[in-house]
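**Student:** Encoded as structure tokens, here's the structure I'll be asking about.
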Amino acid sequence: MQDLIKEIIARHLGKVLINEKISNYTTYRVGGKVRAICFPKDEKDLIELLKIIKERKIKFFILGNGSNVLFSDSMYDGIIIKLDNFNKINIQDNIIEVGAGYPLVKLSRDAMRAALKGLEFASGIPGTVGGAVFMNAGAYGEDMSKIVHSVRIINSDLEIVELTNQEMQFSYRTSLLQNHLDYVCISAKLELEKGNSEEIEAIMNERREKRRATQPLTLPSAGSVFRNPQGMYAGQMIEEMGLKGFSVGKAEVSTKHANFIVNNGNAKASDIKKIIDTIKTKALNKYGVKLRVEQRLINWVGVSEKESDKDED
Ligand SMILES: Cc1cc2nc3c(=O)[nH]c(=O)nc-3n(C[C@H](O)[C@H](O)[C@H](O)COP(=O)(O)OP(=O)(O)OC[C@H]3O[C@@H](n4cnc5c(N)ncnc54)[C@H](O)[C@@H]3O)c2cc1C
């Protein structure tokens, strides 16, 4: 691993930070350390970086804004790649081409200013374009699948390929990328509709107020923990089970929104995980329903990254 890190630095493949605390890069503000975080400058760097990581069979993880991940407290014995430099945007008529590292909230405001509608749902989602594509992020009945025209990715053979909306296999909080964890989204082409900036802004403002009123936005969290089971609301189930305010260490089921777990200060990732496990067990006993975690569980013993949104069994 040390040799690999030295090689990455020697080859000038972008900024490299060693032994970083993952908690500084996740909205839960939890997670152990990582051997190195790399910030490739461009697509060429990224492909070179992936090539040497893969040749040495080192594990890697593409991290967006860390707003939908729960890393364990243990050392991540691999490389985290952040695409902060993939932040270009080009708006032409109703088409936006945007880099994977571009913040979604900023993008929704750019679209509003350009009088393009379709991204209003994203104005309160604190992720990046890459993370939103991976998760098919959405709200208010809308999601990325409704606006993505195509996505440029780097595939397992380190080729750049453009996938159509259909090829991305979007469904509820899911995309093709969740079945190919070594694919990297580098940019997306979005197709929006022409609209009126003031009307779009009014919708966004109204939704922001609604979020402020119903979500614990002043405390670290990673948004909704569980996917809604068919015909049910995870938050309502958790509330009915009397788990609002349930805490382990400094982690707590939000008293404002039961499908959020908040970090009340120095919580450990294991505190959050214990709450998740408790909720799952109780939901199974009370409702006979296996709640599925929406957030990605990373670097947990016995939990495969691929299955992190499904079940740990
Ligand atoms: C307060 C709050 C409110 C939220 N509200 C919503 C909401 O309304 N709707 C909703 O859907 N989500 C919501 N979320 C969750 C989260 O913001 C979204 O899932 C978001 O899309 C995650 O983006 P990210 O960049 O933070 O991804 P990360 O959390 O960094 O990563 C998530 C997954 O995407 C993968 N990934 C990231 N970038 C790439 C890439 N370039 N290529 C390949 N894989 C990649 C990662 O490897 C990881 O598996 C909320 C979160 C918070 C904290």
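Bear in mind that the values in this text are calculations on the coordinates, not laboratory data. Note that the structure is predicted; figures quoted are calculated from it, not measured. Cβ: placed from backbone, ideal geometry, glycine included. Neighbour counts: every protein chain shown.
**Student:** Below 8 Å, C-alpha to C-alpha, sequence gap of six or more: please give me the relative contact order for the stretch 216-298 in percent. If you can, show how the numbers build up before the last one.
**Tutor:** Working: 131 pairs, mean separation 29.3, N = 83.
Reported as a whole number, the value is 35 percent.
**Student:** Give the residue from Ile37, Gly249, Ser156 lying farthest towards the positive end of the charge dipole for the chain; charges sit on Cβ (+1 for Lys and Arg, -1 for Asp and Glu) and the dipole is referred to the Cα centre.
**Tutor:** Of Ile37, Gly249, Ser156, it is Gly249.
**Student:** While we're on this one: For a label point 7 angstrom out from the Cα of Arg113 toward its Cβ, which stretches of the stretch 83-97 have the backbone nitrogen within less than 20 Å?
**Tutor:** 85-97
**Student:** Going from the alpha-carbon gyration tensor of the chain, what semi-axes, largest first and in whole Å, does one get by taking the root of 5 times each eigenvalue? Before the final figure, lay out each step's value.
**Tutor:** Working: eigenvalues 173, 145, 58 Å².
Equivalent-ellipsoid dimensions as semi-axes: 29, 27, 17 Å.
**Student:** Select from the stretch 117-226 those chymotrypsin sites (Phe, Trp or Tyr not before Pro) which occupy a DSSP coil region and have at most 13 other Cβ atoms within 10 Å, ordered by residue number. Provide the component values of the computation, followed by the final result.
**Tutor:** Working: sites: Phe121, Phe134, Tyr140, Phe170, Tyr172, Tyr183, Phe226; in loops: Tyr140, Phe170, Tyr172, Tyr183.
Sites meeting the loop and neighbour criteria: Tyr140, Tyr172.
**Student:** Using the Kirkwood formula over every pair of different C-alpha atoms, what hydrodynamic radius in Å results for the stretch 1-146? Walk me through the numbers before you get to the answer.
**Tutor:** Working: mean 1/r = 0.0613 Å⁻¹.
Every distinct Cα pair counted, the radius reaches 16.3 Å.
**Student:** Separate question: Provide Rg over Rh for the stretch 216-298; use the alpha carbon set for both Rg and the Kirkwood Rh (inverse mean inverse pair distance).
**Tutor:** Working: Rg = 11.7 Å, Rh = 12.5 Å.
Rg/Rh: 0.93.
**Student:** Now for a different question. If a paramagnetic tag sat 7 Å from the Cα of Ala10 along the Cα-Cβ line, which residues of the stretch 27-45 would have the backbone N under 20 Å from that point?
**Tutor:** 36-41, 45
**Student:** Next question, about the same structure. Assigning unit charges at the beta carbon (Lys, Arg +1; Asp, Glu -1) and nothing else, what dipole magnitude in debye, to the nearest 20, does the stretch 2-82 show about its Cα centre?
**Tutor:** Details: 15 positive and 10 negative charges, 11 e Å.
Dipole of the stretch 2-82, to the nearest 20 debye: 60 debye.
**Student:** Still on this structure, I have one more. Per-residue HN-Hα couplings for the stretch 191-208, Karplus 6.51 cos²θ - 1.76 cosθ + 1.60 at θ = phi - 60°, whole Hz, x for Gly and Pro?
**Tutor:** For the stretch 191-208, the Karplus-derived couplings read 10, 10, 10, 5, x, 10, 3, 5, 5, 5, 5, 4, 5, 5, 5, 4, 5, 5 Hz, x marking Gly and Pro.
**Student:** Tell me which residues come under 5 Å, amide H to amide H, from Leu70 once H is placed; ignore anything under 5 positions away on its chain.
**Tutor:** Arg296, Leu297, Ile298
**Student:** Counting Lys and Arg as +1 and Asp and Glu as -1, each charge on the Cβ, what is the dipole of the chain about the Cα centre in debye, to the nearest 20?
**Tutor:** Working: 45 positive and 41 negative charges, 196 e Å.
Here the chain has a charge dipole of around 940 debye.
**Student:** How high is the relative contact order of the chain? Use alpha-carbon pairs under 8 Å, at least six apart in sequence, and give a whole percent.
**Tutor:** Numbers: 641 pairs, mean separation 49.3, N = 313.
Reported as a whole number, the value is 16 percent.
**Student:** I need the P(r) histogram for the stretch 89-195: all alpha carbon pairs, bin width 10 Å from 0 out to the longest distance, whole percents.
**Tutor:** The distribution over the stretch 89-195 is 16, 54, 26, 4, 0, given as percents.
**Student:** Next question, about the same structure. Output the relative contact order of the stretch 89-195, whole-number percent, from Cα pairs under 8 angstrom with separation of 6+ residues.
**Tutor:** 34
**Student:** Distances over 16 Å make up what percent of all Cα-Cα pairs in the stretch 197-242? All intermediate terms of the calculation are to be shown ahead of the outcome.
**Tutor:** Values: 607 of 1035 pairs.
Considering the stretch 197-242, 59 percent of its Cα-Cα pairs are separated by more than 16 Å.
**Student:** Please give the calculated 222 nm ellipticity per residue for the chain, where each DSSP H segment of at least 4 residues contributes -39500 (n - 2.57) and the sum is spread over every residue; nearest 500 deg cm²/dmol?
**Tutor:** On the way: 7 runs with 83 residues, N = 313.
It comes out at -8000 deg cm²/dmol, rounded to the nearest 500.
**Student:** Among 278-288, 13-23, how do they line up by average Cβ neighbours within 10 Å per residue, starting with the highest?
**Tutor:** Details: 278-288: 14.6, 13-23: 17.6.
Result, highest mean Cβ count within 10 Å first: 13-23, 278-288.
**Student:** With no solvent and one equal point scatterer per Cα, compute the Debye intensity ratio I(q)/I(0) for the stretch 2-82 at 0.11, 0.21, 0.27 Å⁻¹ and report its log10, rounded to two decimals.
**Tutor:** Values, matching the q order: -0.26, -0.92, -1.35.
**Student:** Give a residue-ordered list of calculated ³J(HN,Hα) values for the stretch 242-257 (Karplus: 6.51 cos²θ - 1.76 cosθ + 1.60, θ = phi - 60°; whole Hz; x for Gly, Pro).
**Tutor:** For the stretch 242-257, the Karplus curve yields x, 9, 4, x, 4, 10, 9, x, 9, 9, 8, 5, 4, 7, 8, 8 Hz.
**Student:** While we're here: What is the gain in length, in nm to one decimal, between Arg292 and Ile89 on full extension, counting 0.36 nm per residue of separation less the C-alpha to C-alpha distance?
**Tutor:** Value of the extension gain: 69.7 nm.
**Student:** Something else: Which of rounded, prolate, oblate describes the stretch 122-260, given a ≥ b ≥ c as roots of the alpha-carbon gyration tensor eigenvalues and a/c under 1.5 marking rounded, otherwise prolate only if a/b is larger than b/c? Don't skip to the end; give the middle numbers.
**Tutor:** On the way: a/c = 2.29, a/b = 1.46, b/c = 1.57.
The shape class here is oblate.
**Student:** Please list, ordered by chain and number, the residues whose modelled amide H lies under 5 Å from the amide H of Leu116; skip anything fewer than 5 residues away on the same chain.
**Tutor:** Excluding prolines and chain starts, which carry no amide H, the hits are Gly195.
**Student:** A follow-up question, please. Computed FRET efficiency, Cβ-Cβ of His180 and Lys256, R0 45 Å: what is it to the nearest 0.05?
**Tutor:** Details: r = 36 Å, r/R0 = 0.80.
The computed FRET efficiency comes out at 0.80.
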